[in-house]
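J.: Just passing along the structure, written as structure tokens.
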Amino acid sequence: MLEDVATTRYEANPAPDPLAMVQALANTISVGPGEDLLASADSATRWLASIATARHPVADEASLGRLRSLRAALRVVLGDHPPAPEQPVDLTLRLRLRDGRVTVVDDGVDVVEAGVALALLEGRATGELSRLKLCANPDCRVAFYDHSKNGGGKWHSPTRCGNAARVRAHRSRTAGEAAADQERPS
């Protein structure tokens, strides 16, 4: 199982392998007090090292751009709405065949792209990808894995985001009722 600081810091339900890589990348965003783990090449290198994608993961400006583009595209797949026209992301699975062995090219970003590509294909084939969702709280949007029986989960944290949504809905209803009561003739 992938040890993922991006997801555990938000206390979201973890996705099973191989979707854990997709969830990990989607959750590198900044929500609340959480920092954007792809804010700089240094922070991206630390994140790549934390998920142990390669022996010597190093993110430079070019690979940082690739990671950010892939994250944005994944979040759209999971239901986010892009602030600008979406740019297509082509994933290339780069394998090295040498000395009778098959390995993924050993730079951290290539390994992430390969893992994401395989996870998306498998998740789509099994239907599991539909259970990887973004929290319905517009102030949150953390990626979580919906373990509910019917797949109808909406919030990454029912107690935090779910309660906040219910309180907002209640306040909206009661404010509407109070306004309607004031408009009625006595």
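The values are calculated or read from the model by the stated rules, or taken from the named source; none is laboratory data. Fair warning: this is a prediction, and the values are worked out from it, not measured in the lab. Counting neighbours? That spans all protein chains shown, and the Cβs are built from the backbone with ideal geometry, glycine included. Heavy atoms of the whole protein, side chains included, go into the accessibility calculation; ligands, DNA and RNA do not. Shrake-Rupley method; radii C 1.70, N 1.55, O 1.52, S 1.80 Å.
J.: Here are some residues: Thr28, Thr8. Which one is buried (at least 19 other Cβ atoms within 10 Å of the Cβ), of a type in the set (S, T, N, Q) and at negative phi?
T.: Of the residues listed, the single one that is buried (at least 19 other Cβ atoms within 10 Å of the Cβ), of a type in the set (S, T, N, Q) and at negative phi is Thr28.
J.: Residue by residue through the stretch 139-164, note down the ones that are open to solvent by less than 20 Å² (accessible area, probe 1.4 Å), of a type outside the set (A, V, I, L, M, F, W, C) and within 20 Å of Pro33 (Cβ to Cβ).
T.: Those that are open to solvent by less than 20 Å² (accessible area, probe 1.4 Å), of a type outside the set (A, V, I, L, M, F, W, C) and within 20 Å of Pro33 (Cβ to Cβ): His156, Ser157, Gly162.
The rows are residues; the columns are (1) in a loop (DSSP other than H, G, I, E, B); (2) open to solvent by less than 80 Å² (accessible area, probe 1.4 Å); (3) at pLDDT 90 or above.
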site	(1), (2), (3)
Ala84	yes, yes, no
Leu91	yes, yes, no
Arg96	no, no, no
Ala125	no, no, yes
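J.: Can you report the number of residues in the stretch 31-59 which are part of a loop (DSSP other than H, G, I, E, B), out of contact with any Asp or Glu (no Cβ under 7 Å at 6 or more places or on another chain), among the charged types (D, E, K, R) and open to solvent by 70 Å² or more (accessible area, probe 1.4 Å)?
T.: So the count comes out to 1.
J.: Any idea which of Ala62, Ala6 is assigned to a helix (DSSP H, G or I), in contact with a Phe, Trp or Tyr (Cβ under 7 Å, 6 or more places away or on another chain) and modelled with pLDDT under 90?
T.: Ala6
J.: A further question follows. Could you grab me the full set of residues in the stretch 11-29 that are in a loop (DSSP other than H, G, I, E, B) and under 11 Å from the mean Cα position of the chain (by Cα)?
T.: Within the stretch 11-29, Ala12, Pro14, Ala15, Asn27, Thr28, Ile29 qualify.
J.: Across the stretch 11-25, what is the total count of residues that are in contact with a Ser or Thr (Cβ under 8 Å, 6 or more places away or on another chain) and open to solvent by 20 Å² or more (accessible area, probe 1.4 Å)?
T.: Matching residues across the stretch 11-25 total 2.
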